[in-house]
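Pasting a structure here, questions to come.
The values are calculated or read from the model by the stated rules, or taken from the named source; none is laboratory data. These numbers were taken from a predicted model, which means no experiment stands behind them. Because the Cβ atoms are built from the backbone with ideal geometry, glycine has one as well, and the counts that use them run over all protein chains shown. All accessible areas refer to the heavy atoms of the entire protein, side chains included, with ligands and DNA or RNA removed. Shrake-Rupley method; radii C 1.70, N 1.55, O 1.52, S 1.80 Å.
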Amino acid sequence: MPQFNRNDTFNLLSKLTVARIWNGFKVLGSFYISRFTKKPVQWGYPVSISFEPTTSCNLRCPECPSGLRSFSRPTGMLKKDFFRETIDDIHKHLLYLIFYFQGEPYLNTDFLDMVKYASDKGIYTATSTNAHYLTEEAARKTVESGLDRLIISIDGTTQDVYQQYRIGGNLDKVIEGAKNIVKWKKELKSKTPFVFFQFLVVKPNEHQVEDIKRLAKEIGVDEVRFKTAQVYDYVNDPNQLIPENDSYSRYKKLADGTFAPKNKLANRCWKLWHANVITWDGLVVPCCFDKDAMHQLGNLKNQSFKTIWHNDNYRQFRSELMKSRKNIDICANCSEGVSVWKD
């Protein structure tokens, strides 16, 4: 279970303003009124947004569209001028900004400039990386950018295990990158970014759960967090990724040897009220499970974000979700509420 980190929590709270607090109350209130009335009500604007720096990636992870090169949508890089226009429109209400959807953020050469722009607006910023590009220079610039949270995906403590999921990856580079960040935080006397190892538990690495805790302590990162894996064909598990230990999985094994999700899909979703995702080319989609942007709720090249957030497409999607969430394809394999287990 993630531990309470005082510095990170106080840092997040320091980003609160009267406008952001009031917006948060409106969003929370509209969510509960929607649950009570069974009709979608949406006040305020998102508390959290994910912005996609790029769809490109250097690795070939077997359950990732970037890794599989299987996107039906175009690949590309987020342009910083377009990013700034959107942030200028919504920053007064926005508390939390995640620079990640698909791809490896550090492949976008303007990535850290965008982080700094959002940080200067008083927004809590976070990203997730495979850490292959955290050179000395990139690590220093990361700390200087004001990034608040850095998630380093590290799914093994030995190269032979790590590369079974992070295909094409080099564990030594990941460890070196993590060490560079820790070093520059100390050099620059910075409390940010809050750095943690994210360990995606799959069958090949489930025996290294204790090992990753020791490695994290040795390097000096702030924390380790464990995540259950999303498997697209979870019924048959063709890549043999679902762990043997049931507590590490979001799926349960059935009598016939196939698998099914553990969680029961209730006809509600907090994410659709407080968060959303924006692709590198400006498509607004419901959440991070819509990898191919099949449920396009708007396009920022044609409309402002505030207009899209309250448009008919959003109202219709929220309404469908509240009637029958299980019939929405991206909801069928959703990890809402079960992606991290207690340890």
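Within 10 Å, count the other beta carbons around each residue, average over each peptide in 96-109, 236-249, and list them highest first.
Details: 96-109: 22.0, 236-249: 16.0.
Descending mean neighbour count gives 96-109, 236-249.
If each residue of separation counts as 0.36 nm, what is the full-extension length gain between Q159 and D256 once their alpha-carbon separation is subtracted?
On the way: separation 97, 0.36 × 97 = 34.92 nm, distance 3.42 nm.
Length gained, Q159 through D256: 31.5 nm.
Using the Karplus curve 6.51 cos²θ - 1.76 cosθ + 1.60 with θ = phi - 60°, work out ³J(HN,Hα) for each residue of the stretch 161-166 in order, rounded to whole Hz, and write x for Gly and Pro.
Taking θ as phi minus 60°, the curve returns 7, 3, 6, 5, 9, 7 Hz for the stretch 161-166.
Would you please give the residues with an amide H less than 5 Å from that of S50, counting only those at least 5 places away or on a separate chain, with H modeled from the backbone geometry?
Here I98, N276, V277, I278 satisfy the definition.
Let me ask something else about it. Which pairs in the list K15/K116; K271/K306; K173/K203 are over 21 Å apart, alpha-carbon to alpha-carbon? Walk me through the intermediate numbers first.
Details: K15/K116 15 Å; K271/K306 17 Å; K173/K203 23 Å.
Table pairs above 21 Å Cα-Cα are K173/K203.
Which listed residue (L147, N130, F317) has the Cα farthest towards the positive end of the charge dipole for the chain, taking +1 on Lys and Arg C-beta and -1 on Asp and Glu C-beta about the Cα centre?
F317
Magnitude of the Cβ-charge dipole of the stretch 1-154, K/R +1 and D/E -1, about the Cα centre, nearest 20 debye?
Numbers: 19 positive and 15 negative charges, 145 e Å.
It works out to roughly 700 debye.
Which residues does the label zone of H207 cover in the stretch 226-263, counting backbone N under 14 Å from a point 7 Å along Cα→Cβ?
Within reach of a label on H207: 244-245.
Around K291, which amide H atoms from residues at least 5 apart in sequence, or from another chain, sit under 5 Å from its own amide H, with H modelled in the peptide plane?
Hits under the 5 Å cutoff: none.
With the other protein chains left in place, how much accessible area per residue, in square angstrom, belongs to the stretch 81-184 at a 1.4 angstrom probe? Let's see the in-between values first.
Details: 3770 Å² over 104 residues.
I get 36 Å² per residue for the stretch 81-184.
Does the stretch 12-164 come out rounded, prolate or oblate by the C-alpha gyration tensor, with a ≥ b ≥ c the root eigenvalues, rounded set by a/c under 1.5 and, if not, prolate when a/b is larger than b/c and oblate if not?
On the way: a/c = 1.99, a/b = 1.51, b/c = 1.32.
In terms of gyration-tensor shape, prolate.
About its Cα centre, how strong a charge dipole does the stretch 1-58 have in debye, to the nearest 20, once Lys and Arg get +1 and Asp and Glu get -1 at the Cβ? Don't skip to the end; give the middle numbers.
Details: 7 positive and 2 negative charges, 68 e Å.
With only Lys, Arg, Asp and Glu charged at Cβ, the dipole is about 320 debye.
Roll a 1.4 Å probe over the protein chains and send me the accessible area per residue for the stretch 1-58 in Å². Please report the intermediate quantities before stating the final value.
On the way: 3370 Å² over 58 residues.
Result: 58 Å² of accessible area for each residue.
Along the stretch 284-297, what does the Karplus equation 6.51 cos²θ - 1.76 cosθ + 1.60 (θ = phi - 60°) give for ³J(HN,Hα), rounded to whole Hz, x for Gly and Pro?
The phi angles translate into 9, 10, x, 6, 6, 7, 8, 4, 9, 6, 7, 10, 7, 9 Hz.
What order do you get for 137-150, 170-183, 252-265 when each peptide is scored by the mean count of other beta carbon atoms within 10 Å, highest first?
Working: 137-150: 20.5, 170-183: 18.7, 252-265: 11.9.
Highest-to-lowest ranking by the protection proxy: 137-150, 170-183, 252-265.
Can you bin the stretch 73-145 into rounded, prolate or oblate? Criterion: square roots of the alpha carbon gyration tensor eigenvalues sorted a ≥ b ≥ c, rounded for a/c under 1.5, prolate for a/b above b/c, oblate for the rest. Intermediate values should be presented prior to the final figure.
Values: a/c = 1.87, a/b = 1.27, b/c = 1.47.
Because a/c hits 1.5 or more and a/b fails to exceed b/c, the stretch 73-145 counts as oblate.
Pull up the DSSP beta bridges for the chain and report the antiparallel fraction as a percent, rounded to 5.
Details: 8 of 34 bridges.
Of those bridges, close to 25 percent are antiparallel.
Also, I was wondering about something else. Within the accessible area of the stretch 231-291, what % is carbon and sulfur when the probe is 1.4 Å and the other protein chains stay in place? Walk me through the numbers before you get to the answer.
Details: 1400 of 2760 Å².
Of all accessible area on the stretch 231-291, carbon and sulfur atoms account for 51 percent.
Among Q230, Q303, Q163, whose mean-square fluctuation peaks in a Gaussian network model of the chain (Cα, cutoff 10 Å)?
In the Gaussian network model the winner is Q303.
Among all the aspartates and glutamates, which ones have a C-alpha under 18 Å from K38's C-alpha, if same-chain residues fewer than 8 places away are not counted?
Straight-distance partners of K38: D312, E320.
May I pose another question? Among L107, N327, Y117, flag the residue with its Cα farthest along the positive direction of the charge dipole of the chain, charges on Cβ as +1 for Lys/Arg and -1 for Asp/Glu.
N327
Here's another thing I want to ask about it. Is the shape of the chain rounded, prolate or oblate, going by the alpha carbon gyration tensor and its root eigenvalues a ≥ b ≥ c, with a/c under 1.5 for rounded and a/b larger than b/c for prolate? Write out the running numbers ahead of the final one.
Details: a/c = 1.55, a/b = 1.10, b/c = 1.41.
In terms of gyration-tensor shape, oblate.
Karplus couplings for the stretch 42-48 from phi (6.51 cos²θ - 1.76 cosθ + 1.60, θ = phi - 60°), rounded to Hz, Gly and Pro as x?
Residue by residue, the stretch 42-48 yields 9, 10, x, 10, x, 7, 9 Hz.
What dipole magnitude, in Debye to the nearest 20, does the chain give about its Cα centre under +1 on Lys/Arg Cβ and -1 on Asp/Glu Cβ? Please list the in-between numbers first.
On the way: 49 positive and 39 negative charges, 270 e Å.
Value, rounded to 20: 1300 debye.
Turning to a different aspect of this structure: Please list the non-local residues whose amide H lies under 5 Å from the amide H of G298, H modeled 1.01 Å from N, same-chain partners needing a gap of 5 or more.
V284
State the extension gain, in nm to one decimal, for the chain segment bounded by S14 and K183, taking 0.36 nm per residue of separation less the distance between their alpha-carbons.
Values: separation 169, 0.36 × 169 = 60.84 nm, distance 2.49 nm.
Length gained between S14 and K183: 58.4 nm.
OK, next. Here are some pairs, K213/K262; K213/K252; K183/K264; which of them have Cα atoms lying more than 32 Å apart in this structure? Walk me through the numbers before you get to the answer.
Values: K213/K262 26 Å; K213/K252 26 Å; K183/K264 44 Å.
The answer is K183/K264.
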